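What follows is calculated from the coordinates using simple rules that are stated; it is not laboratory data. These numbers come from a predicted model, not from an experiment. All Cβ positions, glycine included, derive from the backbone under ideal geometry; neighbour counts span all protein chains shown.
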Amino acid sequence: MVEVLERLGCETFMPEKQVCCGQPTYNSGYAKGSMKTFKNEIDALSSIDADYIVGPSGSCVFMIKEYEEILKNDPVYGPKAKEVANKIYEFSQFIYRVLGIVDCGAELDAKVTVHRSCHMTRLIGERTAPFVLLDHVKDMDRIPLKNVQLCCGFGGTFSAKHPELSGPMVDEKVQNIVDTNAEILIGTEQSCLMNIAGRMNRLGHPIKVMHIAEVLNHNVDPNRIKYLADTDEEVVPANGEGVF
Amino acid sequence: MGISTSDKPFLERVAEAKQDNFMQAAVAKAQDAQFVKRTKARREMGHWNEWRDLAEQIRQHALKYLPDYLEEFAGNVEKQGGHVFFAETEKEARDFITELVVKKQAHKVVKSKSMVTNEIEIDKALTALPNVDVLESDLAEFILQEDNWDEPTHIVFPTLHKNRDQIQAEFKKLGYEGDNEPAHEARFVRGYLRDYFMQADFGITGCNFAIADKGMINLDTNEGNADITMAMPKTQVVVMGMERIVPSMKEAEVLDNMLARSAVGQKLTTYCTFSGPKKQGETDGPDDFWVVIVDNGRFRALGTEFEPILQCIRCGACLNVCPIYRHIGGKGYGSIYPGPVGKVLSPILGGYDNFEELPYACSLCAACTETCPVKIPLHELIRKHRIVEMDQKHMDHSMTNLILKTIGIGTGSPALFGTAMTVAHTGAAPFSRMKEPGDVDGMYEGGKINHLPKAAPKLVHGWSDIRDIPMPVEKKNNFRHWYKNHKPVDPAPIVKEKEAQEDD
Amino acid sequence: MTSLLEQANSEANREKFLNRIAKAAGRPRHTVKAFEPLNDLPDQVLADQSPEELLATAKTNSEAVAAKFYTCAKDDLASFLNQYLADIQAETLLLPGFKDDKWANYGLSDWVKKPEVKQTTVWSTDPGDRRKNAEAADQADLAIGFADYLIANTGTITVVTSPEQGRAFNYLPEHYLALIPKSGLVRSTRQAVEKYEAMMADGLQTSAINFISGPSNSGDIEMELVVGVHGPVDCAYVVVADL
């Protein structure tokens, strides 16, 4: 991710003190117990006067966006949370919607399929940017994934707390992936990939997994990089047709 | 029992549901079919999200002024000669209707499908009366009743878990001699129910929407059974959850359109009726029209962060998109309200003690929130239940609780987290092995964990029982270490060009 | 045991309940404001279609809900109905109990006296004939009734319950045919609702307004669509022009 962003002209910083967005505990119901984590993250992210904050996982990015609402009554952290929330983006969303890039110059000669993460598509509302960027990767053959809208069964602590529910979900997802005959599964969220790969590995389906950042950083020819403004493509709305 | 359909523990119910392969395949097939029909119907409508805004506004307005609209509605029913009873509890509602059946000396009670009548368990109470027969007239509910009051699987398609052969076998006991064709089976029911309808002296219906300014009720069905239930018997009782109110027919009409498209992918249900007590000169319809307005715990959501669940119009779209429901079906939930709506509503109506597990049986994927036609933030409300359970009620005393609290402390402190990362790699070493040929590329380059001692906490082996875990990376290989030492990549030529243009 | 039935319509029962929920909500009673919709989408449905386009849309949408759709000039209506009776091989016919002026309006004054069918029953307007009407409707092969509106957007006809055309009339017969004046063609459910609200304000008395979209159906057995559960097994709309 860092290398892709730098190639596209961004100067990057990594705040030393950042740890975790707090999603695992907050989504498990430990609101009070998560406050220290939230505040640490806000302090860390505000410690650098950056124009934008970019994360490689939609669910973490959305959690950080949620700080604004959760901490709205906190006189100190409320305003800081709002500032952080306003400048944070998921990686592919940032490249497409903020930088205005459609082609990152990457090449990947493979048959792939893409898992669309739930939090990125439904909570951030970005369901098209990764597909636009991936469809510009040279030599790549993308096979649509059946029932792409279905959750893979990760869901944070849910996957460990309820394997009897999460298991059939990830099994169905794996089967749909296997049915595409793709060599590589691409994802926008490391946690979904860890879940799906963990199950594929256990079942003996050695399909390679790649995060979208790895794909967009693969065999890059900087001369292929293209801005949306320099093409005759129209901007694809984040929410597609908006009917679900 | 109330809204509970089972006293078995949650995991036992899930295990049973997972044995039912026909049910699972049927639910998945239904979800996929409805996905196509529903999205097509919504797209065809145009401006879907603006319609949702309107529907949400209507429901929120009605809830905001709920006592006022109920008062207006009750007054208008009374003006037309009808009777209204406000029931605080399911027992009051049930006792009231039972008393009415006895007073009217009714013998043949006919019902049309209604969730709230299941909530107050009126069927059981009336069946227990001497010389009183009760018959569910909705085809699916009829099938369930004839199978010894089997539990429904879905709020719109209650018999999803039954196949045509099972239904054929059941109908044989009632004298059916035909084959397993659904059309023939339905035809048989038509005749069977028609005979009953002709003798029915007491009708019970639910209510999709109550029209405050007209004192009428609005019902949506495809079969027409609700209309016949309102036509034939001389006495009709409408049972409605107190939140089912709208100001006028205009708002009901919007919701009827949203409901049909969301529930079954139709523009409108075949029958959409606004109905009240028989008017002078009319020869059929209810001479006696009673409305029982039921609270039964709904007040607990009013004025709280859970109030939006009362916006629900019972379309079942959230069930149709839920990946958990897809695999366990309706019976797994142990509540007459299954799926996402059930996860939110059941603890409110039935108490956290009875439905403690439900809010956790969710991956928070938000498909429900996205599809809801009245914009209930379902997954957020599910998460709010978790916060109530953990932070306010402290309901979890297991190892999981301790681990998550510890994670909360660890992730709140950069120093503790750094130490934990170092320990993780060393600590996991005894359970790990190196990447092997045939392992997934891109995940296990640092090794994998695929066997854990039985004594490991549930939160850990719950994962590793079915999946391999990538080995936590050593400090010298982690991202922070890499980032500190990396040399920034040069911006691409076209990027520099753009920047130069902008500087000009 | 005190009688719960006596509590119905009592102020005590109502006030206790409403005060309790108002308190739970933390909102005072008697503060209701008129509902102001945030958009006018319901008014915009098919707003751009001409009357000819609307009729074509109505046909498409009616057929999509498995209704049989016909248009017929007033002068041809009597022969159309006789032909329809023959086509479905109806032996028993149920007609509404309207006075002659209604029939005359559709050019059916003569036809109604002698439809070409074995047996005709007319819905009785005598309130004592509840049972008789129900049995006639149950036994009728076909009911031919009057509808007020045809909704283009949804393929729906609307019928009010009246002394002349009761509830069972519309729901029990095996086949159902509705005559709709061409002037009753409306765009949307919203438009139909507004018309009924106006008619009720003007004194229309009815206990039921029925929006009917095609024949009765169910998907309850393996989600396979079955037509003709409980209500009519088929449903015809006849739009009558030149009234």
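Let me know the shape class of segment C:48-241, please: from the alpha-carbon gyration tensor, a ≥ b ≥ c as square roots of the eigenvalues, rounded when a/c is under 1.5, otherwise prolate if a/b is greater than b/c, or oblate.
Values: a/c = 1.26, a/b = 1.15, b/c = 1.09.
Judged from the Cα gyration tensor, segment C:48-241 comes out rounded (a/c under 1.5).
At what distance in angstrom do the alpha carbon centres of segment C:47-79 and segment B:449-504 lie from each other?
Between the Cα centre of segment C:47-79 and that of segment B:449-504, the gap is 63 Å.
Determine the shape class of the protein assembly as shown: with a ≥ b ≥ c the square roots of the Cα gyration tensor eigenvalues, call it rounded for a/c under 1.5, and otherwise prolate if a/b is greater than b/c, oblate otherwise.
Details: a/c = 2.12, a/b = 1.80, b/c = 1.17.
Note, shape of the protein assembly as shown comes out prolate.
Report, in whole Å, the centroid distance computed from the Cα atoms of segment A:1-79 and segment B:210-273.
Centre-to-centre (Cα) distance: 47 Å.
Could you sort C:134-146, A:138-150 so that the peptide with the highest average Cβ count within 10 Å comes first and the rest follow in order? Each step should come with its number before you reach the end.
On the way: C:134-146: 21.8, A:138-150: 15.8.
Highest to lowest by the protection proxy: C:134-146, A:138-150.
How do B:Trp482, C:Trp103, B:Trp463 rank when sorted from fewest to most other Cβ atoms within 10 Å of their own Cβ?
In order of increasing Cβ crowding within 10 Å: B:Trp482, C:Trp103, B:Trp463.
On a 0 to 90 degree scale, rounded to 10, what angle separates helix B:339-350 from the longest Cα axis of chain B?
Helix B:339-350 sits roughly 70 degrees off the main axis of chain B.
Summing -39500 (n - 2.57) over the DSSP H runs of n ≥ 4 in the protein assembly as shown and dividing by its residue number, what mean residue ellipticity at 222 nm do you reach, to the nearest 500 deg cm²/dmol? Spell out each step's value before the answer.
On the way: 42 runs with 423 residues, N = 991.
After summing the helix terms and dividing by the residues of the protein assembly as shown, the value is -12500 deg cm²/dmol.
If you stretched the chain out fully between C:Lys68 and C:Lys99, how much longer would it get, using 0.36 nm times the residue separation minus the C-alpha to C-alpha distance?
On the way: separation 31, 0.36 × 31 = 11.16 nm, distance 2.73 nm.
Contour length minus Cα-Cα distance gives 8.4 nm.
Take every DSSP beta bridge whose two residues both sit in segment C:1-160, then give the antiparallel share in percent to the nearest 5. Show your work: numbers first, answer last.
Values: 3 of 9 bridges.
Taking every DSSP beta bridge within segment C:1-160, about 35 percent pair in antiparallel fashion.
For segment B:10-300, what proportion of DSSP beta bridges, expressed in % and rounded to the nearest 5, is antiparallel?
Values: 8 of 33 bridges.
Antiparallel: roughly 25 percent of the beta bridges in segment B:10-300.
Angle check, please: helix B:182-199 long axis (alpha carbons) against the longest principal axis of chain B (alpha carbons), in degrees 0 to 90, nearest 10.
For B:182-199 against chain B, the angle is about 40 degrees.
Counting only other chains, and only Cβ atoms inside 10 Å, what mean value do you get across the residues of B:256-264? Please list the in-between numbers first.
Values: counts 4, 8, 0, 0, 2, 0, 0, 0, 2.
Across B:256-264, the average partner-chain Cβ count within 10 Å equals 2.
List the trypsin sites (Lys or Arg not before Pro) in segment A:12-50 that DSSP assigns to loop (not H, G, I, E or B) and whose Cβ has at most 15 other Cβ atoms within 10 Å. Which are they?
Details: sites: A:Lys17, A:Lys32, A:Lys36, A:Lys39; in loops: A:Lys17.
Counting only loop positions with at most 15 other Cβ atoms within 10 Å, the trypsin sites (Lys or Arg not before Pro) in segment A:12-50 are A:Lys17.
Which are the unpartnered cysteines of chain B, meaning those with no other cysteine Cβ under 4.7 Å from their Cβ?
Among the cysteines of chain B, those whose Cβ sits 4.7 Å or more from every other are B:Cys207, B:Cys272, B:Cys312, B:Cys315, B:Cys322, B:Cys362, B:Cys372.
Taking the Cα atoms only, what angle lies between the long axis of helix B:378-387 and the longest principal axis of chain B, rounded to 10 degrees?
With rounding to tens, the tilt is 70 degrees.
Using Cβ contacts closer than 10 Å as the measure, can you line up C:Asp202, A:Asp103, B:Asp468 from fewest to most? List each step's numbers first, then the result.
Values: C:Asp202 7, A:Asp103 19, B:Asp468 24.
Ranking C:Asp202, A:Asp103, B:Asp468 by Cβ neighbours within 10 Å, fewest first, gives C:Asp202, A:Asp103, B:Asp468.
Determine the percent antiparallel among the DSSP beta bridges restricted to the protein assembly as shown, to the nearest 5. It would help to have the intermediate numbers written out before the result.
Numbers: 29 of 94 bridges.
That works out to approximately 30 percent antiparallel.
Shielding of C:164-176 by partners, i.e. mean partner chain Cβ atoms within 10 Å per residue? Intermediate results must be reported in sequence, preceding the final value.
Numbers: counts 3, 1, 7, 13, 9, 3, 6, 13, 9, 0, 1, 0, 0.
That works out to 5 on average.
Please list, in chain and number order, the residues 5+ apart from C:Thr120 or on another chain whose amide H is under 5 Å from its amide H, with Hs placed from the backbone.
The list, which skips near neighbours in sequence, is C:Leu93.
Distance check, please: which entries in B:Lys250/B:Lys343; B:Lys79/B:Lys279; A:Lys65/B:Lys484; B:Lys37/B:Lys331; C:Lys74/C:Lys113; B:Lys267/C:Lys68 exceed 19 angstrom between their Cα atoms? Mind showing how you got there, number by number?
Details: B:Lys250/B:Lys343 31 Å; B:Lys79/B:Lys279 12 Å; A:Lys65/B:Lys484 27 Å; B:Lys37/B:Lys331 25 Å; C:Lys74/C:Lys113 17 Å; B:Lys267/C:Lys68 17 Å.
The answer is B:Lys250/B:Lys343; A:Lys65/B:Lys484; B:Lys37/B:Lys331.
Mind running the shape call on segment C:1-150? Use the C-alpha gyration tensor, a ≥ b ≥ c as the square roots of the eigenvalues: rounded below 1.5 for a/c, prolate if a/b tops b/c, oblate otherwise.
oblate
Which whole-angstrom value gives the distance between the alpha carbon centres of segment B:348-364 and segment A:125-201?
First find each Cα centre; the distance between them is then 27 Å.
Partner chain Cβ atoms within 10 Å, averaged over the residues of B:216-225 - can you pull that number for me? Could the numbers behind the result be given before it?
Numbers: counts 5, 1, 2, 1, 1, 5, 12, 10, 14, 6.
Per residue, the average neighbour count from other chains is 6.
Quick one: A:Lys65, B:Lys214, fewest Cβ neighbours within 10 Å first, how do they rank?
On the way: A:Lys65 19, B:Lys214 22.
Least to most surrounded, the residues fall as A:Lys65, B:Lys214.
Contact order normalised by length for chain A, with contacts defined as Cα pairs under 8 Å and 6 or more residues apart; what percent is it? Spell out each step's value before the answer.
Numbers: 386 pairs, mean separation 54.1, N = 244.
Computed over chain A, the figure is 22 percent.
Calculate the FRET efficiency for B:Asp179 and B:Ala33 from the Cβ-Cβ distance with a Förster distance of 22 Å, rounded to the nearest 0.05.
Numbers: r = 24 Å, r/R0 = 1.08.
Given R0 = 22 Å and the Cβ-Cβ separation, E is 0.40.
What distance in nm separates the simple spin-label points at B:Asp133 and A:Tyr52, each placed 7 Å from Cα in the Cβ direction?
7.2
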